[in-house]
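The values are calculated or read from the model by the stated rules, or taken from the named source; none is laboratory data. The shown structure was predicted, so the numbers you read here are calculated from the model rather than taken from an experiment. Every residue, glycine as well, gets a Cβ built from its backbone with ideal geometry; the counts of neighbours run over all protein chains shown. Heavy atoms of the whole protein, side chains included, go into the accessibility calculation; ligands, DNA and RNA do not. Shrake-Rupley method; radii C 1.70, N 1.55, O 1.52, S 1.80 Å.
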Amino acid sequence: MADYTIKVRRFQPESGEGPYWEEFDVDLEPSLSVLDALLQAKDREDGSLAVRCSCRAAICGSCGMKINGQSGLGCKTQIGEAQELAEKQASATGGDAKDATVVIEPMGNMPVIKDLVTDMESTHWTKIRRVTPWLLPHGDPPEREYVVEPESMIDITQSMACIQCGACVSSCLSMEADPGFIGPAALAKAYRFVGDPRDAETVERLHDLAEDPHGIYDCTHCFSCIDACPKGVAPMDQIMRLRRKAGEAGIEDPNSGHAHERAFVKIIEKKGTLDEGLLLQESFAPGIKSKLKPSKRAIKELLGSIPTVLRAIRTGKARSPVKLIPGAHPKLPDGAQDEVKAIYEHAEAHREEFNLYIKGEEGDEEAAIEERLEPPRTHTLADEEAQNG
Amino acid sequence: MPSHDVLVIGAGLAGQRAALAAAEQGVSVGIISKVHPVRSHSNAAQGGINAALNPGDSWESHAFDTIKGSDYLGDQDAIEIMTREAPEEILHLEHLGVTFHRNEEGKLGTRAFGGASAARTYYVADITGQAIMHVLYEQLMKYSEQIARYEEWFCTALAMDENDECCGIVTRNIADGSMELFQAKSVILATGGNGQVWQPTTNALICTGDGIAMAYRVGAKLMDMEMIQYHPTTLAGKGFLITEGARGEGAHLLNAKGERFMERYAPNKMELASRDVVSRAEQTEINEGRGFPDGTVALDITVVPKKRVHEALREIVLVGRDFAGVDITREPIHIKPGNHYTMGGVKTDVDGRTDIPGLYAAGETACVSVHGGNRLGANSLLDTLIFGRRSGVDAAARAKRIEGSRPSRKVLEAEEATIADIESRQKGSGRRISEIKRELGETMDAKVAVFRDEAGIQEALETVRRLQEEAKSAYIDDHGSVFNQDLVAAIELGYMLDNAESTCVAALERKESRGAQYRTDFPERNDEEWLKHIDLERTDDGPEISYSEVTITQWEPEARTY
């Protein structure tokens, strides 16, 4: 047993008081969870400490909360690790690690009802219902099962693994800026249908999610949801898949994000480093040099970007105007560009989605390689002894 | 007064399936759950769902495996219905959008499971329960006009009319503490099992036997309450579940000497014998000193190819890593038998009808009985869906047929008075709820578990009765209205104690060993005297015992070996 102090942000709605902090001393094995610590405080000291919980095994999704500022599940975070992190955070900010306590708060981006209990209905569930979260198949079902590619089912199983805990919503920086953002959980749910070959409304769904100003292009690619997700759903990856599918379906992206991504990839393939002079042009009007016929939208976007470009040059974020002249960008020395090409070719040849149901956790890949490299056991020590003996 | 034709209490698989089936019949439906529906414990069913859907398989084979698994205590008419209707149900789920695993041809693929003579378990990685439940919840959202959802409402009592028919319920809205009387023509209990009566357990904190206790309190019969399943592979200490799918994929059980000990207990089926058989084998190894010092044996998943583990057992990789600090792809994990499933429950017929008109039960709350003395892996999801649906259909038919009566406000007032009494107890007036709960759980796990005897069960029963008295003066800290979980826990404790008392009484009564009930003082199965169900009915002096016959259609009891 070890002693810990947990510091809980409390709010008792009937007291007439605002939120306040309360510390509880608990004693439990470091391998037990933050939820176990909270339940011990609740059982022994104060039964009015409100926290949703049920399975204790990261399956039911009840106990989303912030621990040391990070969104996750209370039951899946070990108290010992949480303490270590609290100590690290304290030292990093010039405090004394000795006094560090595990700080527990309700999830973010949601109203608080009481203590750690948040109103998920008004935020999370309303957004989930926004994405038409049920299968819309075409016509009557077949007599037997739908016959589909086995990989397609494994692919969407990653989104199906979502337990609707809200940790990603809690951590979402875009939602902080735009509360209307459909958000990581609901968009991951949307991919579960867009990626499902049995769904007949894929294109309609993509249009809906792309044309909503709070839709798929509202994500800023910050990775917070991937870090927060306790089930490896990687909501941001699902959003990126939605964007890719929207691009493939010819849906115009109001931010030109898809075209921007393609421009990046193309320029690096050609030049090895980023030619900023080409980036705008390639993003908004690819092929402008040869065709000299940019679309109206491209002209508008290019002209509209001028103030941003000038500001960037002035503040040193972009390079000097001379170097921005298209074509002035240097190529990589020697044969380095060929190595870049080789990377592209390798990536092309190994084009596969990163999916935990296919690949396993990080590090497994290396383990697999290690196993392959390990020389086959041709004989054992016992054999040797027998030979020598 | 809110009113629905059909009210479903509990929103796991059985409850959601019942609500959808009732709504399909065109009646108004309400579904009430003390947690948000997707938090329900059906989530935890990892391995899969059984159905004889492959051309080479047959419902008879599935039925026989289930009957043998039940140690011949299952009712064969009910088992026939369940196994015959299973394929249709799987296809229905697939059409709704469940992302079942496919074989190379893109058709539904299966895995092997314990006690089964064919690989007939359909699955979604090892999140089958979660995947099905989330898809049913999608349907609840789709049909929100037909089905009213009351999420985070806690049911405290059933309401009866003058004719002793069930006509409604009393609930507390957890969000604001308001009490409400609901009227209904049919009420379906689908509140799950009672695993929290034991500590540790694989069951979630919400599995407190609410429906079983509520039905018992209004006079419905309980059946086979002694039959409590201990799952062979749970983590020591915390009680977390490691799916039987692991053994289905080929994992071995090893004792501390590294022996595959199942050779001695079930030479044919080895690790895939029935759960009661495997749990007893493990407990014997542990009791006879061949286990590890922490009172466990080992489950070796490293023999399963890594690719297959990631594809089909990912949840277990996470459980091992996060809760035991073990990488199951590289080393064996220590496990032991742990409380898992309530085979008994509210006695129903094959349409979910209890002894009380208007009151239905489905899923783990109910005892139809399709599981008898021991449930086969991957039959519980099937049970919830088949009998959830059948209950929903019959409850809707009844609602169309009858006028319905208004529940008396007296029931509501009685519940309000009970709650006022709990709230009035001051700190120090008695024990803490959590203390009583812990003592109950530890007692039941020590005395009414894998191996039982008269003295132990008697001791447990006496403890339970003392705790029932102590619960009357136990106090709570929270005196507010909003999200008062303390108060809910106090009421749940009452439910749990009723469940525990029934289990002890039935376990004492059954003087033989069958399925999950293994009496060291009566180690043999005794068909002559005990091939019958034990029914319990509430009286002021405790449960009154009666018996009912086991329905046998075409499979006569035989000796059971694996």
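Key figures for this structure:
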| item | result |
| --- | --- |
| Residues of the stretch B:296-336 classified as within 25 Å of the chain's Cα centre (by Cα), open to solvent by 10 Å² or more (accessible area, probe 1.4 Å) and more than 14 Å from chain A (Cβ to nearest Cβ), total | 1 |
| Residue within the stretch B:378-394 that is in a loop (DSSP other than H, G, I, E, B), more than 14 Å from every other protein chain (Cβ to nearest Cβ), modelled with pLDDT under 95 and under 30 Å from B:Leu313 (Cβ atoms) present | yes |
| Any hit, the stretch B:65-80, residues being at pLDDT below 95, more than 9 Å from chain A (Cβ to nearest Cβ), touching a Ser or Thr at 6+ places or on another chain (Cβ under 7 Å) and surrounded by fewer than 24 Cβ atoms within 10 Å (Cβ to Cβ) | no |
| Members of the stretch B:102-150 found to be surrounded by fewer than 22 Cβ atoms within 10 Å (Cβ to Cβ), assigned to a loop (DSSP other than H, G, I, E, B) and at the interface with another protein chain (Cβ under 8 Å from one of its Cβ atoms), listed by number | B:Asn103, B:Glu104, B:Glu105, B:Gly106, B:Lys107, B:Gly109 |
| Selected residue [assigned to a helix (DSSP H, G or I), under 30 Å from B:Val550 (Cβ atoms) and either in contact with an Asp or Glu (Cβ under 7 Å, 6 or more places away or on another chain) or among the hydroxyl-bearing types (Ser, Thr, Tyr) (or both)] from B:Leu497, B:Leu487, B:Leu508, B:Leu467 | B:Leu508 |
| Failed criterion for A:Ala82 (all others in (1) hydrophobic (A, V, I, L, M, F, W, C); (2) more than 12 Å from chain B (Cβ to nearest Cβ); (3) under 30 Å from B:His479 (Cβ atoms) hold) | (3) |
| Filter pass, B:Leu93 being in a loop (DSSP other than H, G, I, E, B), within 29 Å of A:Glu151 (Cβ to Cβ) and in contact with a Phe, Trp or Tyr (Cβ under 8 Å, 6 or more places away or on another chain) | no |
| Verdict on A:Gly72 being touching a Gly at 6+ places or on another chain (Cβ under 6 Å) and either polar (S, T, N, Q) or within 14 Å of chain B (Cβ to nearest Cβ) (or both) | no |
| The stretch B:92-101, subset within 15 Å of A:Asp196 (Cα to Cα), open to solvent by 10 Å² or more (accessible area, probe 1.4 Å) and without any contact (Cβ under 8 Å) to a residue 60 or more places away in the chain, residue farthest from the other protein chains (Cβ to nearest Cβ) | B:Leu96 |
| Count of the stretch B:477-489 residues which are among the small types (Gly, Ala, Ser) and either under 14 Å from B:Leu440 (Cα atoms) or free of Cβ contacts under 8 Å to residues at least 60 places away in the same chain (or both) | 1 |
| Enumeration of residues in the stretch B:169-197 that are away from every other protein chain (no Cβ under 14 Å) and either within 13 Å of the chain's Cα centre (by Cα) or free of Cβ contacts under 8 Å to residues at least 24 places away in the same chain (or both) | B:Leu189, B:Ala190, B:Asn194, B:Val197 |
| Failed item, numbered, when B:Arg84 is tested on (1) assigned to a helix (DSSP H, G or I); (2) within 14 Å of chain A (Cβ to nearest Cβ); (3) touching a residue at least 12 places away in the same chain (Cβ under 8 Å) | (2) |
| Subset of the stretch A:133-154 (residues that are surrounded by 15 or more Cβ atoms within 10 Å (Cβ to Cβ) and more than 9 Å from chain B (Cβ to nearest Cβ)) | A:Leu136 |
| Pairs where the first residue, in the stretch B:458-476, is within 14 Å of another protein chain (Cβ to nearest Cβ) and the second is part of a loop (DSSP other than H, G, I, E, B) and open to solvent by 70 Å² or more (accessible area, probe 1.4 Å), C-beta under 6 Å, 6+ apart | B:Tyr475/B:Lys427 |
| Enumeration of residues in the stretch B:522-545 that are surrounded by 13 or more Cβ atoms within 10 Å (Cβ to Cβ) and more than 28 Å from B:His62 (Cβ to Cβ) | B:Phe522, B:Leu536, B:Glu537, B:Arg538, B:Gly542, B:Pro543, B:Ile545 |
